[in-house]
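Following: one structure in structure tokens, then a few remarks.
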Amino acid sequence: MILTSFIFALMPAGTIIVYLILIFVLLIFSALISGSEVAYFSLAPNEKDFLKSEDSRNANLALKLLEKPQELLATILIVNNFLNVGIVIFLSALLNKLFHDTGTSSFHFIIEVLAITFMILMFGEVIPKVYATKNGLLFAKFMAVPLNSLSSVPPFSWLKKFLVNGTRIIHKYAKHRGVSITTDELEQAILITKEESTSEEEHKILEGIIKFGNTDVKQIMRSRMEVVYLEEDFNFHTVLDHILESGYSRIPVIKNSFDEVEGILYVKDLLPHINETADFDWKSLIRKPFFVPENKKIDDLLKDFQEKKMHMAIVVDEYGGGSGIVTLEDVLEEIVGDITEEFDEDVVGFKQISPNTFIFEGRTALVDLYKVFEIDGKEFEAEKGESDSIGGFIIEQSGRILKNNEFIKFENYKLIVVSSDKRRIKSVKIVIGQN
């Protein structure tokens, strides 16, 4: 109030018009500066391209300002605050003059707060920003010269440097501290921020990225029972027959069993020798295998594939025995979904009998079950133990290999064995909604 009283003392009595003119001018400047903030920081790429193609002083200055967005924002905020403080001072002085001899001090205070807040928000913020949103390009060019001048005029230039440098220090400190956030929180954030414009495929990719780091190799690998391999005592023509039959470009080579993988044969290495005789020493072309443990996270595996420039790894258990194989394609499919090549056969791992009834192969991976049912599978993951297939899960829960038509109930699912033998469960019927 001391500053307002000082200004009031400088003004002769009856000069209300002077206050109104000063307030009006400051409001106009505040509106222009506020609108500039929206105009510059909401320019679309095509509008920026238009500025580049327009050979004019204002367009060039606008592009120059956009090259340093932090300095531009600092200038706008500093100037706008100076103007708003000026509006508060003069409007307060005007209201003091108008209500000098009436009412109580509390009444004066309420009137000042309401009047000043309404004036600044409505005419200095809301209206200009709405206009600038619809006429961003025009507004940006119009304010290019004033903003460029203000950014180099003291005290605005001094305060701008101080604010920008202080912000950089804060950002540097914040980066060192980092942010701790769990995957569950990220998953919840994605669910909350899902927009109508986001397609279902894009949303699934985001969910796949979140779960990526928590997935073990064992969950996505191909079991040794399903792996196509070559034995080292095969002759060259037998090798060629197996390659043609399988259609794969990389095939593991074993010695006596899958527990003794000698290496990986790349089919492209055989191309220069395609016309060799049956006794050709094809084993000299075998490449060294890459072994990974079952519990290795697939995000780490992806890094290894990138560093080693490999596409296939042999998965081993805790005793060093072969469990299966995992490929780069298997890893990427956890993010982007199934990748089907033009020569892939359409193999259906399940059949839907009714809206709530499905039949799966016993060897179907639990992660594939989650995809079909569109669930996160947290309940299964908590109880699956060492199993990673539907058949293995049933054995884990029951403690034995169930016979045909025997079943278990888990959560909201009834898992009925359709076919099994002494070694494994071949097919399973799953009914949803069976408590």
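Just so it is clear, none of the values below were taken in a lab; they were calculated from the coordinates. From a predicted model like this one, the values you see are computed outputs, not experimental measurements. Backbone-built Cβ (ideal geometry, glycine too); neighbour counts: all protein chains shown.
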**Message:** My understanding is that a pair violates if its Cα-Cα distance is over 26 Å; which of K255/K303; K296/K378; K308/K384; K48/K68 do that in this structure?
**Reply:** K255/K303; K308/K384
**Complete:** Largest first and rounded to whole Å, the semi-axes √(5λ) derived from the alpha carbon gyration tensor of region 217-336 read 26, 15, 12
**Message:** Can you compute the modelled spin-label distance between I353 and N135, with each label point 7 Å from Cα toward Cβ, in nm?
**Reply:** 7.0 nm
**Asked** Can you work out the FRET efficiency for the pair L244 and E54, with r the C-beta to C-beta distance and R0 = 41 Å, to the nearest 0.05?
**Response** 0.05
**Complete:** The FRET efficiency for I274 and F41, from their Cβ-Cβ distance with R0 = 60 Å and rounded to 0.05, is 0.45
**Prompt:** Separation between the K68 and V145 pseudo-spin-labels, each 7 Å from Cα along Cα→Cβ, expressed in nm?
**Reply:** 2.1 nm
**Item:** Percent of Cα pairs exceeding the 18 Å cut-off, where the set is region 350-432
**Value:** 31 percent
**Fill in**
Expected sort for 400-410, 127-137 on mean C-beta neighbours within 10 Å, highest first, is 127-137, 400-410
